[in-house]
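Working notes for the structure below.
The values are calculated or read from the model by the stated rules, or taken from the named source; none is laboratory data. Not measured: the values here are computed from a predicted model. A quick note on method: Cβ atoms are made from the backbone with ideal geometry, for glycine too, and the neighbour counts reach across all protein chains shown. Ligands, DNA and RNA are stripped out before the accessible areas are found, and what is left, the full protein with its side chains, is counted by its heavy atoms. Shrake-Rupley method; radii C 1.70, N 1.55, O 1.52, S 1.80 Å.
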Amino acid sequence: PIASAVPIASAVPIASAVAVAGPQAFVGTPTFVDYLSGGCELNLTVAIDFTGSNGDPRRPGTLHHVDPNSLNGYESAIASIVPILANYDSDKKFPVYGFGAKLGGQVRHCFQVGRDPEAFGVAGVMDAYNSVFKIPMALSGPTVFTEVIQTAAMKAAGAQAQAAQSGKQVYSVLLILTDGSVSDTEATKRSIAAVSNEPLSIVIIGVGNADFSAMQYLDDSTLGRDIVQFVPLVAHAHSPPSLAAATLDEIPKQLVQFFQQQGIQPMSKIQIEEEEIILQPYLEEEEIDLTLDLGNDDEIVMGGGGYYDNGYKK
């Protein structure tokens, strides 16, 4: 199936992987570059907000509106943010999840986006996003981050534990693209605190011009290790260097802090052959098919039969 439910992690805090990875010759105070130079891998996971608060996609200016002449809010976020983080992901394969859509009559707070468990490159993420509008689905609600956070944390802990067994290191980044209308800020805060000891950073990208005070609150709140960075996309829309700096602002410190708290030093520097480097830039001129077939006033049929559910009210 194009979009399928993801088994949800337990609310019980996940046990961190603390095994020391491989022979380590590093001496001194390590930096982010030291860990990357030693072969630490970064894994990127993308989560996309499909809740009704994004607006009726029939209407120009709403965040999921399809315009053949320009990218919508989420397409712009994918095209501008994912390449920044993808540069640090060695295999360029990213799990993509959605939340807040109604599938099969049930609201899903964490479901697979796209046909495959992982999307390849930035174009693969864009294709996975587009595919959601070609299946029977509805933009619904409420807006819940907790399940994608728990799922990403479980995967991050498992990846680092498996890597440690073979003398490697893995750190994960969860990228959440959202309009910011989270339904339960305190529950989200507790969820973040519960996974703060995992090898995970969370970057929340605010899409659109909504009130992002709740997102800034999550960024400013500290319970355990600080793992959240909030970036309003519109504030950096005309400055790619500024956007890159804001997106990456806290990840280096968070990665170093995690490994140091676990007593894990950088590994010996590795040599990377040129042919091992995979570059997958997103090509904006690539054609993107997001055709909507409009039904009656109560339902919007999106390709495979999706619609905007305006029956959910916060």
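If residue 224 passes every condition in (1) buried (at least 17 other Cβ atoms within 10 Å of the Cβ); (2) at pLDDT below 90 but one, which one does it miss?
The one condition residue 224 does not meet is (1).
Scan the stretch 259-267 and give yes if some residue there is at pLDDT 90 or above, open to solvent by less than 10 Å² (accessible area, probe 1.4 Å) and in contact with a Gly (Cβ under 7 Å, 6 or more places away or on another chain), otherwise no. Talk me through it step by step, then tell me what you get.
Let us first name the residues in the stretch 259-267 that are at pLDDT 90 or above, namely 259-267.
Narrowing the set further to residues that are open to solvent by less than 10 Å² (accessible area, probe 1.4 Å) leaves 259, 264, 266.
From the residues that got through so far, the ones that are in contact with a Gly (Cβ under 7 Å, 6 or more places away or on another chain) too are 266.
Taking every residue of the stretch 259-267 in turn, at least one turns out to be at pLDDT 90 or above, open to solvent by less than 10 Å² (accessible area, probe 1.4 Å) and in contact with a Gly (Cβ under 7 Å, 6 or more places away or on another chain).
Tally the residues that are of a type outside the set (Lys, Arg) and within 19 Å of the chain's Cα centre (by Cα), restricting the search to the stretch 140-170.
To start, the set of residues in the stretch 140-170 that are of a type outside the set (Lys, Arg) comprises 140-154, 156-167, 169-170.
Checking which are within 19 Å of the chain's Cα centre (by Cα) leaves us with 141-154, 156-160, 170.
Of the residues in that region, 20 qualify.
Just need a number here: residues in the stretch 227-247 that are among the polar types (S, T, N, Q), assigned to a helix (DSSP H, G or I) and crowded, with 19+ Cβ neighbours inside 10 Å. So that I can check it myself, show each step before the final result.
Taking the stretch 227-247 as the starting set, the residues that turn out to be among the polar types (S, T, N, Q) are 229, 239, 242, 247.
With the extra rule that they be assigned to a helix (DSSP H, G or I), the set shrinks to 242, 247.
Subsequent filtering for residues that are crowded, with 19+ Cβ neighbours inside 10 Å retains 247.
Here the count works out to 1.
Looking for something part of a helix (DSSP H, G or I) and modelled with pLDDT of 85 or more - is there at least one such residue anywhere in the stretch 58-67? Let's see the steps before the verdict.
So in the stretch 58-67, the residues part of a helix (DSSP H, G or I) come out as none.
Scanning the stretch 58-67 turns up no residue that is part of a helix (DSSP H, G or I) and modelled with pLDDT of 85 or more.
If you take the residues of the stretch 90-108 that are free of Cβ contacts under 8 Å to residues at least 40 places away in the same chain and part of a loop (DSSP other than H, G, I, E, B), which of them is surrounded by the fewest Cβ atoms within 10 Å (Cβ to Cβ)?
By that ranking, first place goes to 105.
Considering the stretch 136-166 alone, what residues qualify as being open to solvent by less than 20 Å² (accessible area, probe 1.4 Å) and either in contact with a strand residue (DSSP E or B) (Cβ under 6 Å, 6 or more places away or on another chain) or at positive phi (or both)?
Within the stretch 136-166, the subset open to solvent by less than 20 Å² (accessible area, probe 1.4 Å) is 137-141, 143, 145, 148-149, 151-153, 156-157, 160, 163-164.
Residues satisfying the conditions are 137, 138, 139, 140, 141, 143, 148, 152, 153, 156, 160, 163.
Could you please give the count of residues in the stretch 190-207 that are in contact with a strand residue (DSSP E or B) (Cβ under 7 Å, 6 or more places away or on another chain) and not hydrophobic (A, V, I, L, M, F, W, C)?
Looking only at the stretch 190-207, we keep the residues that are in contact with a strand residue (DSSP E or B) (Cβ under 7 Å, 6 or more places away or on another chain), and these are 192, 199-207.
Keeping just the survivors that are not hydrophobic (A, V, I, L, M, F, W, C) gives 199, 201, 206.
Residues flagged as in contact with a strand residue (DSSP E or B) (Cβ under 7 Å, 6 or more places away or on another chain) and not hydrophobic (A, V, I, L, M, F, W, C) within the stretch 190-207 amount to 3.
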